[in-house]
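A quick write-up on the structure given underneath.
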Amino acid sequence: MNSMQRVLTTLSHKEPDRVPLFLLTALQGAKELDLSIEDYFSRADYVVEGQMRLLKKYRSDCLYPFFYVPLELEAWGGEVIFQLDCPPNTGAPIIYRPEEIDRLQPPRVTDAPCLTRVLDTIRQLKAKVGDSVPIIAVATSPFSLPVIQMGFDRYIELIYEQPDRLARLMRVNEEFCVEWSNAQLAAGATAICYFDPVSSVTVIPRELYLKTGQQVAKRTLARINGPTATHLASGRGLPIVDDIAATGTAVMGVSALEDLAELKAAAQGKLTLLGNLNGIEMRRWTAEQAEAEVKRAIAKAGRGGGFILSDNHGEIPWQVPDEVLLAIGDAVERWGRYPLDWIE
Amino acid sequence: MEELIHDFREALESLDQIKAKALFQQALRGHSPIEVVEQVVVPALEQIGLHWNEGSIALSQIYMSGRFCEELVEQVLPPSDPDRKHQPRQAIVVLNDYHMLGKRIIYSVMRSSGFELFNYGRMDVNELVERVITDKLRILLISVLMMPSALKIRELRNALDDRGIQLKILVGGAPFQFDPLLWQEVGADAMGLSAADAVAIVQRWAGEIT
């Protein structure tokens, strides 16, 4: 099987030849090309070269043309702050006062050079791999984007205290998210990773999610012209597995803080799980620990398909050593071959 | 009193501000403001912290309840109140990254618990070292969201050691939730998983220092 066949098989809740691995490396491309993170993301051809090298090196089953979280904010006129050894940070919010939401208009994808650079990257990657490797593009959910648009604290206040303005902000953000997602799919992306950490029960209670984030996801995902994977970016999601499945998504990115076997039981036949290696601890793993963690995850969630091994956040930290990432690939080869007869 | 704490905590978790305020006023009829803070507000916030650690309540509830408690306590125990004095000089800061929510939660709960502390906002290591010295801090609370920012705490500790500055550092934030050994690696003196942890740790340190 090639990577695409492997992933499609597991998505249909059947067992492929081995457990698919999504090693979501983005920043690491800069290391491969010996460039600063800022320089690396300044040109599509750099990212294309970086992604192709990472694909070969770590034997991941996807390409990941994700640049950095503040990219979308940049399109809205926000600032990106680059540092040497970590993902770029968002600068000041673009919404200082809730009243500004009343006049907010979404940017057009074609007018934002930072976004068209990603589209160019996807087009080039597609030309290289065709349909053999899934290209996983990223869009921040309309419900989670306000964290960087206005700041987390003011956004929580808005959710509780100004429902009309929240509704207006969601309408604007949904337009942007749909256009951005569909542009990436049109450029050649196989699926959209819909990053939605605010919907996790770590951030808001389930009853509030059902009235807010879930409604936004239902409306938005219905208008995205391709498959989606909802990622809670380390947030907990076990109590809302069924609710997330009801949004029409195919995959759920899950937290290292939850038990993968419990998640698998809850998601069985409804959602494919993506996770849940601990990206923070991974920084100080040995090769042996990496193998043990891969084995643990596969033992808990591998059987019957419906599982893609990955980290729990959607991005491997810059500080994780090469040996650990290589050991993860080795361990998947060793322990991820179906049938998983070694599991007791 | 147990029933009052329970009802107050439930009102905070369900964001029923009217009920929480009424219960707070009821407590004030029989006790001084500092007694209400110590015997009602702090225990309720401790229970909310436990529920957060167990994963049974969400960050948004923690934030809104902390903010509301801060408003309640501010009205009866302003910064100039003598009951807020005699505490070690302390501050809270977001180091390196730009995510302020954690700091706001801890700041609110610390103030709701009767502590007075400088709010430094967001700073880099060098700027922070100078402020620690200028303000003669004894305790520093550091909030981070991103893992590289957590690693900067080691740089801060080394810089303070080089200047011979003795300072208790309490750290908190997502990276510490995912890696329980990280706080020791970066040279902190303690790590809190919740705002209630922060209050308990600072209370203990305050007893040791003063």
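The values are calculated or read from the model by the stated rules, or taken from the named source; none is laboratory data. These numbers come from a predicted model, not from an experiment. No Cβ is skipped: glycine too gets one built from the backbone with ideal geometry, and neighbour counts run over all protein chains shown.
Applying the criterion of being assigned to a helix (DSSP H, G or I) and modelled with pLDDT of 95 or more to the residues of the range B:127-149, the residue that is surrounded by the fewest Cβ atoms within 10 Å (Cβ to Cβ) is B:134.
Among all residues of the range A:106-116, there is at least one that is within 24 Å of residue A:219 (Cα to Cα) and crowded, with 22+ Cβ neighbours inside 10 Å.
Residues checked against (1) surrounded by fewer than 19 Cβ atoms within 10 Å (Cβ to Cβ); (2) closer than 16 Å to residue A:278 by Cα:
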residue: B:158; (1), (2): yes, no
residue: B:166; (1), (2): yes, no
residue: B:173; (1), (2): no, yes
residue: B:186; (1), (2): no, no
residue: B:194; (1), (2): no, no
residue: B:198; (1), (2): no, no
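When we screen A:75, A:137 for residues that are touching a Leu at 6+ places or on another chain (Cβ under 7 Å) and either surrounded by fewer than 20 Cβ atoms within 10 Å (Cβ to Cβ) or under 23 Å from residue A:221 (Cβ atoms) (or both), the only hit is A:75. Within the range A:322-343, the set of residues being loosely packed, with under 15 Cβ neighbours inside 10 Å, in a loop (DSSP other than H, G, I, E, B) and in contact with a helix residue (DSSP H, G or I) (Cβ under 9 Å, 6 or more places away or on another chain) comprises A:342, A:343. In the range B:1-117, counting only helices (runs of 4 or more DSSP H) that sit wholly within it, the ones holding 3 or more residues that are surrounded by 19 or more Cβ atoms within 10 Å (Cβ to Cβ) span B:2-13, B:17-28, B:42-54, B:59-76, B:101-112.
Exactly one residue among A:181, A:132, A:144 is of a type in the set (Gly, Ala, Ser) and within 14 Å of chain B (Cβ to nearest Cβ), and that residue is A:144.
Just to be sure, is residue A:209 among the aromatic types (Phe, Trp, Tyr), part of a helix (DSSP H, G or I) and without any contact (Cβ under 8 Å) to a residue 24 or more places away in the chain?
On the way: among the aromatic types (Phe, Trp, Tyr): yes; part of a helix (DSSP H, G or I): yes; without any contact (Cβ under 8 Å) to a residue 24 or more places away in the chain: no.
No: the conditions fail for residue A:209.
Against the test of being within 14 Å of another protein chain (Cβ to nearest Cβ), among the aromatic types (Phe, Trp, Tyr) and either surrounded by fewer than 20 Cβ atoms within 10 Å (Cβ to Cβ) or closer than 25 Å to residue A:12 by Cα (or both), the options A:160, A:155 yield a single qualifying residue, A:160. Within the range A:273-293, can you find the residues that are surrounded by fewer than 22 Cβ atoms within 10 Å (Cβ to Cβ) and outside any loop (DSSP other than H, G, I, E, B)? Result: A:281, A:283, A:284, A:287, A:288, A:289, A:291, A:292.
Inspect the range A:166-177 for any residue being outside any loop (DSSP other than H, G, I, E, B), of a type outside the set (A, V, I, L, M, F, W, C) and within 20 Å of residue A:315 (Cβ to Cβ) and give the result as yes or no. No: zero hits.
So that you can scan it fast, the table gives a plain yes or no per residue for (1) touching an Asp or Glu at 6+ places or on another chain (Cβ under 9 Å); (2) within 14 Å of another protein chain (Cβ to nearest Cβ):
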| site | (1), (2) |
| --- | --- |
| A:230 | yes, no |
| A:236 | yes, yes |
| A:242 | no, no |
| A:258 | no, yes |
| A:261 | no, no |
| A:273 | no, no |
| A:276 | yes, yes |
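If you take the residues of the range A:244-256 that are of a type outside the set (A, V, I, L, M, F, W, C) and away from chain B (no Cβ under 14 Å), which of them is surrounded by the most Cβ atoms within 10 Å (Cβ to Cβ)? The residue in question is A:253.
Out of the range A:125-151, which residues are assigned to a loop (DSSP other than H, G, I, E, B), over 19 Å from residue A:210 (Cα atoms) and modelled with pLDDT of 95 or more? Hits for the range A:125-151 are A:130, A:131, A:132, A:133, A:134. Residue count for the range A:43-56 under the criterion of being exposed (fewer than 14 other Cβ atoms within 10 Å of the Cβ) and either in contact with a Phe, Trp or Tyr (Cβ under 7 Å, 6 or more places away or on another chain) or under 15 Å from residue A:116 (Cα atoms) (or both): the result is 1. Quick one: is residue B:108 modelled with pLDDT under 90 and touching a helix residue (DSSP H, G or I) at 6+ places or on another chain (Cβ under 8 Å)? Yes, satisfied.
Each residue in the range A:294-321 was checked for being surrounded by fewer than 24 Cβ atoms within 10 Å (Cβ to Cβ), closer than 17 Å to residue A:25 by Cβ and of a type in the set (D, E, K, R), and 1 of them qualify.
Considered as a group, the residues in the range B:150-193 that are in a loop (DSSP other than H, G, I, E, B), more than 9 Å from every other protein chain (Cβ to nearest Cβ) and among the aliphatic types (A, V, I, L, M) include one that is nearest to residue A:256 (Cα to Cα), and that residue is B:193. Cβ-Cβ contacts under 6 Å between residues 6 or more apart (or on different chains), taken from a first residue in the range A:68-93 that is more than 8 Å from chain B (Cβ to nearest Cβ) to a second residue that is in a helix (DSSP H, G or I) and not hydrophobic (A, V, I, L, M, F, W, C), are listed as A:80/A:70; A:80/A:74; A:82/A:38; A:88/A:70.
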